[in-house]
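Engineer: Before anything else, here's the structure in question.
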Amino acid sequence: DTDKPVLLVRKDADLLYFMLKQAMYLRKTSEQAELLQEMEKSIACQADAFVRFFEKNGQLGQFIDMETEELLAGDTASAAIAPAGLALAYEYFQDGKYLETAERLGDIYLVEYLKKGMVNGGPGEICQAPDSESAFGLLESFVQLYETTGKEKWLAAAEEAFDLAVTWVVSYDFNFPRESTAAKMGAHTRGTVFANAQNKHSAPGICTLSGNSLLKLYRFTGD
């Protein structure tokens, strides 16, 4: 049905996480009080919707109907970064339901996806193929869950997510055909990150993320 207002939940999961980071910055700096007040209403509504959808479906799925909150396609790690967003929502609003949902989701993503070595469904155009974006989103979530709760289980999960995520990082330079633009540019591929198993696109960094979770993981572990 092309009339359905379909949402890839990964997009809203990203949005929740980064809107909370922005709100935390604005609160700390006491800038734009009116804007912050409006943002807080919107962020709380979004966080509540994640909790409500999870309680109804036992998962966050991949594609949903935004108006009816109907699960259209599920059983992926598309919203792998959602636990990070909900953990920050708990820190910001001090509402226990956000952290409870974040940890329950974390357990699902850990057992059903990471432990099985298959994290998938983040990009919108790859159906349900395995992808690096969900893997790095999961790393972000486990690092944030550890930072929020101090529970060692989440630090161990973060280290495991890291091990999976870096398998998407290219460890050598491709031998491009001489006549190709990449060869003429002297392009390097070592350190680039494959997006997913379907489109085989490799980019200079992690899609939509700075890699801050890697720095935090180093600080937490000394590794």
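The values are calculated or read from the model by the stated rules, or taken from the named source; none is laboratory data. Quick caveat, the model's predicted, so the values are computed rather than measured. Cβ atoms come from the backbone with ideal geometry, glycine included; neighbour counts cover every protein chain shown. All accessible areas refer to the heavy atoms of the entire protein, side chains included, with ligands and DNA or RNA removed. Shrake-Rupley method; radii C 1.70, N 1.55, O 1.52, S 1.80 Å.
Engineer: Send over a whole-number figure in Å² for the accessible area per residue of the chain, probe 1.4 Å. Could you put the intermediate results ahead of the total?
Structural biologist: On the way: 11510 Å² over 223 residues.
Value for the chain: 52 Å² per residue.
Engineer: Here are a few candidate values for percent of Cα pairs over 28 Å apart: [x] 32; [y] 39; [z] 36. Which one was actually calculated from the structure I just gave you?
Structural biologist: Computed from the coordinates, percent of Cα pairs over 28 Å apart corresponds to [x].
Engineer: Could you please state how large a percent of the accessible area of the range 1-95 is carbon and sulfur, counting protein chains only and using a 1.4 Å probe?
Structural biologist: Working: 2420 of 4810 Å².
In the range 1-95, the share of accessible area belonging to carbon and sulfur is 50 percent.
Engineer: If you roll a 1.4 Å probe over the range 118-178 with all protein chains in place, what percent of the accessible area is carbon or sulfur? Can you show the working numbers first?
Structural biologist: Numbers: 1450 of 2630 Å².
Ligands and nucleic acids excluded, carbon and sulfur reach 55 percent.
Engineer: Could you give the angle, 0 to 90 degrees to the nearest 10, between helix 212-221's Cα long axis and the longest principal axis of the Cα atoms of the chain?
Structural biologist: Value to nearest ten degrees: 80.
Engineer: Would you mind pulling out the separation of the Cα centroids of the range 206-220 and the range 113-187, in Å?
Structural biologist: Answer, in whole Å: 11.
Engineer: If you don't mind, another one. Could you grab the relative contact order for the range 58-102? Cα pairs under 8 Å, six or more apart, rounded to a whole percent. Mind showing how you got there, number by number?
Structural biologist: On the way: 49 pairs, mean separation 12.3, N = 45.
Answer for the range 58-102 is 27 percent.
Engineer: Can you put SER78, SER210 in order of accessible area, largest first, using a 1.4 Å probe? Could you put the intermediate results ahead of the total?
Structural biologist: Numbers: SER78 5, SER210 110 Å².
Sorted by accessible area, descending: SER210, SER78.
Engineer: What's the FRET efficiency of ASN57 with SER210 using the Cβ-Cβ distance as r and R₀ = 25 Å, to the nearest 0.05? Don't jump to the answer; show the numbers that get you there.
Structural biologist: Working: r = 31 Å, r/R0 = 1.23.
Using R0 = 25 Å, I get an efficiency of 0.20.
Engineer: What percent do you get for the relative contact order of the chain when only Cα pairs under 8 Å and 6+ apart count?
Structural biologist: On the way: 338 pairs, mean separation 35.1, N = 223.
The normalised contact order for the chain reaches 16 percent.
Engineer: Ordering ARG27, ARG10 from largest to smallest accessible area (1.4 angstrom probe), what's the sequence? Can you show the working numbers first?
Structural biologist: On the way: ARG27 115, ARG10 25 Å².
Largest accessible area first, the list is ARG27, ARG10.
Engineer: Between GLU152 and HIS201, what is the FRET efficiency for a Förster distance of 30 Å, r being their Cβ-Cβ separation, to the nearest 0.05? Can you show the working numbers first?
Structural biologist: Values: r = 36 Å, r/R0 = 1.20.
The value I calculate is 0.25.
Engineer: May I pose another question? Mind checking the angle between helix 96-112 and the chain's longest principal axis? C-alpha axes, 0 to 90 degrees, to the nearest 10.
Structural biologist: For 96-112 against the chain, the angle is about 30 degrees.
Engineer: How much length, in nm to one decimal, is gained on full extension between TYR218 and ALA49, taken as 0.36 nm per residue of separation minus their Cα-Cα distance? Don't skip to the answer; put the middle values down first.
Structural biologist: Values: separation 169, 0.36 × 169 = 60.84 nm, distance 3.31 nm.
Full extension of this stretch gives 57.5 nm more.
Engineer: Could you check the simple spin-label distance between LYS4 and PHE174, using points 7 Å along Cα→Cβ, in nm with one decimal?
Structural biologist: Between LYS4 and PHE174, the label points sit 3.5 nm apart.
Engineer: Assuming R0 = 45 Å, what is the FRET efficiency of GLN32 and THR181, from their Cβ-Cβ distance, to the nearest 0.05? Kindly include the intermediate steps, with their values, before the conclusion.
Structural biologist: On the way: r = 44 Å, r/R0 = 0.99.
Computed FRET efficiency for GLN32 and THR181: 0.50.
Engineer: Ignoring ligands, DNA and RNA, how do ASP107, ASP3, ASP131 rank by accessible area with a 1.4 Å probe, largest first?
Structural biologist: Values: ASP107 60, ASP3 135, ASP131 0 Å².
I get ASP3, ASP107, ASP131, largest accessible area first.
Engineer: Which pairs, out of LYS4/LYS115; LYS28/LYS56; LYS41/LYS153; LYS28/LYS153; LYS4/LYS41; LYS115/LYS153, put more than 24 Å between their alpha-carbon atoms?
Structural biologist: Numbers: LYS4/LYS115 34 Å; LYS28/LYS56 35 Å; LYS41/LYS153 32 Å; LYS28/LYS153 30 Å; LYS4/LYS41 26 Å; LYS115/LYS153 13 Å.
Check vs 24 Å cut-off fails for LYS4/LYS115; LYS28/LYS56; LYS41/LYS153; LYS28/LYS153; LYS4/LYS41.
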